[in-house]
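Chemist: Below is a structure I'd like to ask you about.
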Amino acid sequence: MFKPEFPDSETCSGQTPLSNKAILIVDDDPVFRRIASGYLQSQGCTVHEAEDGLVGLRQLREQCPDLVICDISMPVLNGLEFVEEVSLAYPCLPMIVISATDEMSDVARALKHGIKDFLSKPINDYSHLGQAIANALSDTHSHVSDQRDFSSQWFQVEDGGDIPEEQELYWHLEYLQQNLSAARELLNALLPENDTSQGIWRCSYRLLQSAETMPLVFDYAWLMNGQYAFYIVDSGSQSCDGIATTLLIRALFHDYLRGLKSMGADLKDLADILEKGINCTECACSISAMIGIADLSDGTLSVLPAGMDCFWNNGQNSQHIAGGVSLGDNCRKNFITQNLPLRESSEISVSRLGVSSFSLNISQKTES
């Protein structure tokens, strides 16, 4: 019988980063379970196995693993159902999903349940699995770990936009670079809900784009002080790796906002952090984007263009906002359009002729 050999990653004390960790593998493929278990045991882990999601849930009632690895496609209780159940019952338990398909919509749905990472089958280098587990376990000890996005896990983002050297998990990016259809599907599936509201204000966006090109990617977050912060980035705007840059921006954006607590966001501070991350990350590059903050406590909108032209209209006035230099090329020197008055309904829009169109509507909710 073939017995795989694994590289020795012990420290000088004889310990590995995974020593004495309990891992639950939930996968209907006995070959994968055997090889993954062999690798993890060689790293000092205790490994428990389950052949489907239902057995996995039973194991969780009996065991207390430090981390769960589960396949997306399984019989009886599939990976998505299993992930949803576990995220509700054990919200602090880190999980990594494994997928043997290029269909990324299911992976993205799992990631939205707080999954820390995903890997594609076949896993050619099991040290990647070990590094993903070590990073997920390390992140779990942070007080904000349950809020951190998988993209932050990949880039190991620290406060202020710092990214430690050699921490980017390049094998994920290599996979996405080599499978552009999977990358497009992942980026599209990670788009947030179209409609959201807070108090009397409602924000909704509309995004239409060709299925054959790398997409425009939009994201937003509400802050405790009533600000609505958002960005849109053109993942196909540069010849370099727009996939990695887009995911890095996602990580930096949300980590910056999480660190604010009750303070307000500032466009220049946010731009500084995004550019710092791009410039110190080997796989990232300058990219066309636009960043905005709607201060709904006083009904104003401020926009920092970063290589992306946009148009603003509030029913009484309209304005073209020139793109200027791209994000990553010192976009802070671009003119910030500040304090645009938001009336009953205002819209900011972006268009790539014949390729995509985007509009964000910010309006006051009408009485029913």
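The values are calculated or read from the model by the stated rules, or taken from the named source; none is laboratory data. This is a predicted model, so every value here is computed, not measured. For neighbour counting, all protein chains shown are included, and Cβ atoms are generated from backbone atoms with ideal geometry for every residue, glycine included.
Chemist: In this structure, does residue 339 turn out to be of a type in the set (S, T, N, Q) and under 28 Å from the mean Cα position of the chain (by Cα)?
Modeler: no
Chemist: Farther than 16 Å from residue 97 by Cα and in a helix (DSSP H, G or I), is that true of residue 61?
Modeler: yes
Chemist: Right, here's the next one. Inspect all residues belonging to region 209-231 and state whether any of them is of a type in the set (Phe, Trp, Tyr), touching a residue at least 12 places away in the same chain (Cβ under 8 Å), outside any strand (DSSP E or B) and out of contact with any His (no Cβ under 7 Å at 6 or more places or on another chain).
Modeler: no
Table: residues versus (1) of a type in the set (Asp, Glu); (2) over 16 Å from residue 220 (Cβ atoms); (3) in contact with a Lys or Arg (Cβ under 8 Å, 6 or more places away or on another chain).
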{"site": "255", "(1), (2), (3)": "yes, no, yes"}
{"site": "261", "(1), (2), (3)": "no, yes, no"}
{"site": "267", "(1), (2), (3)": "no, no, no"}
{"site": "271", "(1), (2), (3)": "no, yes, yes"}
{"site": "275", "(1), (2), (3)": "yes, yes, yes"}
{"site": "289", "(1), (2), (3)": "no, no, no"}
{"site": "312", "(1), (2), (3)": "no, yes, no"}
{"site": "319", "(1), (2), (3)": "no, yes, no"}
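Chemist: Could you list, in sequence order, all residues of region 326-340 that are over 24 Å from residue 244 (Cβ atoms) and either outside any strand (DSSP E or B) or touching a Cys at 6+ places or on another chain (Cβ under 8 Å) (or both)?
Modeler: 333, 335, 336
Chemist: Moving on to the next point. Out of all the residues in region 225-232, is one or more crowded, with 19+ Cβ neighbours inside 10 Å and either more than 24 Å from residue 342 (Cα to Cα) or not assigned by TED's automatic domain parsing to the domain that holds residue 279 (or both)?
Modeler: Scanning region 225-232, I find no residue that is crowded, with 19+ Cβ neighbours inside 10 Å and either more than 24 Å from residue 342 (Cα to Cα) or not assigned by TED's automatic domain parsing to the domain that holds residue 279 (or both), so the answer is no.
Chemist: Still on this structure: Condition test on residue 119, is it out of contact with any Ser or Thr (no Cβ under 6 Å at 6 or more places or on another chain) and either at pLDDT 90 or above or over 16 Å from residue 133 (Cα atoms) (or both)?
Modeler: It is false that residue 119 is out of contact with any Ser or Thr (no Cβ under 6 Å at 6 or more places or on another chain) and either at pLDDT 90 or above or over 16 Å from residue 133 (Cα atoms) (or both).
Chemist: Please work out which residue is modelled with the highest pLDDT, limiting yourself to region 68-79 and to residues that are farther than 21 Å from residue 133 by Cβ and either among the aliphatic types (A, V, I, L, M) or buried (at least 23 other Cβ atoms within 10 Å of the Cβ) (or both).
Modeler: Top of the filtered list is 77.
Chemist: I would also like to ask the following. Residue by residue through region 83-125, note down the ones that are part of a loop (DSSP other than H, G, I, E, B), farther than 21 Å from residue 137 by Cβ and among the small types (Gly, Ala, Ser).
Modeler: 100
Chemist: Could you figure out which of (1) buried (at least 21 other Cβ atoms within 10 Å of the Cβ); (2) not in a helix (DSSP H, G or I) isn't true of residue 192?
Modeler: Condition not satisfied by residue 192: (1).
Chemist: Still on this structure, please answer the following. Do you know which residues across region 137-162 are surrounded by fewer than 21 Cβ atoms within 10 Å (Cβ to Cβ) and either at pLDDT 80 or above or of a type in the set (A, V, I, L, M) (or both)?
Modeler: 137, 144
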